[in-house]
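The values are calculated or read from the model by the stated rules, or taken from the named source; none is laboratory data. Owing to the predicted nature of the structure, the values given are computational and were not obtained by experimental measurement. Because the Cβ atoms are built from the backbone with ideal geometry, glycine has one as well, and the counts that use them run over all protein chains shown. With ligands, DNA and RNA removed, areas are computed over all heavy atoms of the protein, side chains included. Shrake-Rupley method; radii C 1.70, N 1.55, O 1.52, S 1.80 Å.
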Amino acid sequence: MDTPTIFKIPPEILVEILALLPTESVSGFAQTCSQARELIYGPDSSTYLWRSLYLNLFDDPRTSGWAIDPGMDSSDSSSNGNKAYDWKQNLQGAVEALNRWENGFIDDPKKEITFRSVFLSLVRLLHTAAPAPHKSKNIQALSKRLLPTSPPLPPLSPEAQTLLTILQLHLDPRTEIAPNVLVRQARKITYSVLSYSPYPNRGPFNADGTVNWDILNSISTLMRYNISDFQDVLEADLGQPLPWDIEHARPKGLADGTSTKNDGDWANAGGKWKGMYAFLDYPVFMQLNYPRTVRRNLPPLLSDEQEHTGDLMNLTLTLNPPASSQPKSKLPSSVSSPGTSPSSSSPFSTKFHPLHYTGSSFMSSPDHATEVRAEFFLSPDSPPQLRARFTISYDREDRWSLEGVQVGGLGGRRGIFGVWSIPNSTDGESPSGPFYFWKVD
């Protein structure tokens, strides 16, 4: 059989032509004959072709703001910084995931495997999005398909549910909330003492220091619900909307592993912040956690209980100067064992050294400001998440400890969601609740 005329063209020229076509056209070409299929899908298929097809649809993952190490497959826990990016596999996975999520999962005998692979591919799109403020093809694709509606889902495995929770947390949260369902569930998780490790790691974290996404999403849901009652007034006073859209849930980018600021503030935490917190009446908090010790009947729905929101907080943080012997992007000399936060036993990533800040906080008047200390460091997640610890003092006595995670990674503008508690508390009966801080400069 004669060779088709098109294959008389040098392969490198043919690949250049195919690289200019839409993915659907290349897929159609591969179905025309065995030679075409081998050229496109064979073991020797062109990396250049698949990279070009990928970049026609999605952002370049090598420049992602999440990629602390260039080329890292940042959404796969088995990946490492030396692993080459598989353009073919990730393109096929992303396209299939977006199509399956948009069209549903009807009559699929391997639903559980499919759900995990679909959510993993979608999280990879989130984690390989172009850094802000650049336009992102990934964010556009996720927003177009995921924000308006979501298909009904059966019970998921813990891994699939975690991946879905990460998507829900980072995508645009401006959806109607059903108080009797989401809020009640979020309150039970957020205010339960069983959700957290002891001080000083009482926050949305697992025992190994990684982020507990279910707790973090519950805190986010609860704080957004609490603020929604006066959101319009708050935004009018601030002169800008709250940073809750998906564009604020992606990092500005530190893909080259170096600080973008001359002062070494790789966390970009120095400056002005706004903050709010919420709390339950103490008897309700105790009834929720220790129902046998409180003579009070909890209402059938926890959403029926009155939850209080504190006054608007105004914070200012200034980066502490490092020790003269401390080089940038290295662990501080005070750290005796790598992987442990210098002020506690919190596990952390060693990609960047922890940063320490001092500052002040006030509510109604700066004349009544209190002292604030803060520490920012990366969690041991893959990719690492930006973790924040605040300590608020009155009259040189530590009164409040706040542990949280900045949604959106390094330079993300969504803000920090976390849990406040009393420092050094060990009895389990100390009150705690959710908080939300966001940068305003």
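For region 357-372, indicate whether the set of residues that are at pLDDT below 85 and of a type outside the set (Phe, Trp, Tyr) is non-empty.
Taking every residue of region 357-372 in turn, at least one turns out to be at pLDDT below 85 and of a type outside the set (Phe, Trp, Tyr).
Only residues that are charged (D, E, K, R), open to solvent by 40 Å² or more (accessible area, probe 1.4 Å) and in contact with a strand residue (DSSP E or B) (Cβ under 7 Å, 6 or more places away or on another chain): list them for region 265-290, please.
Lys272, Lys274
Test of understanding: among Ile6, Ile40, which residue is surrounded by 12 or more Cβ atoms within 10 Å (Cβ to Cβ) and in contact with a Phe, Trp or Tyr (Cβ under 8 Å, 6 or more places away or on another chain)? So that I can check it myself, show each step before the final result.
Values: Ile6 fails: in contact with a Phe, Trp or Tyr (Cβ under 8 Å, 6 or more places away or on another chain).
After applying the criteria, what remains is Ile40.
Given (1) over 28 Å from the mean Cα position of the chain (by Cα); (2) surrounded by 17 or more Cβ atoms within 10 Å (Cβ to Cβ), identify the lone condition not met by Leu386.
Looking at each condition in turn, Leu386 falls short on (1).
Please go through region 9-26 and give me each residue that is open to solvent by 40 Å² or more (accessible area, probe 1.4 Å) and not hydrophobic (A, V, I, L, M, F, W, C), ordered by number. First the steps, then the outcome.
Going through region 9-26, the residues open to solvent by 40 Å² or more (accessible area, probe 1.4 Å) turn out to be 9-13, 16-17, 20-22, 24-25.
Those that are open to solvent by 40 Å² or more (accessible area, probe 1.4 Å) and not hydrophobic (A, V, I, L, M, F, W, C): Pro10, Pro11, Glu12, Glu16, Pro22, Glu24, Ser25.
Out of (1) more than 26 Å from the chain's Cα centre (by Cα); (2) modelled with pLDDT under 90; (3) assigned to a loop (DSSP other than H, G, I, E, B), what's the single condition that is false for Leu21?
Status for Leu21: all satisfied but (2).
For (1) at pLDDT below 60; (2) not in a loop (DSSP other than H, G, I, E, B), each residue gets a yes or a no:
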site: Ser303; (1), (2): yes, yes
site: Asn314; (1), (2): no, yes
site: Thr318; (1), (2): no, yes
site: Pro322; (1), (2): no, no
site: Pro332; (1), (2): yes, no
site: Asp381; (1), (2): no, no
site: Arg389; (1), (2): no, yes
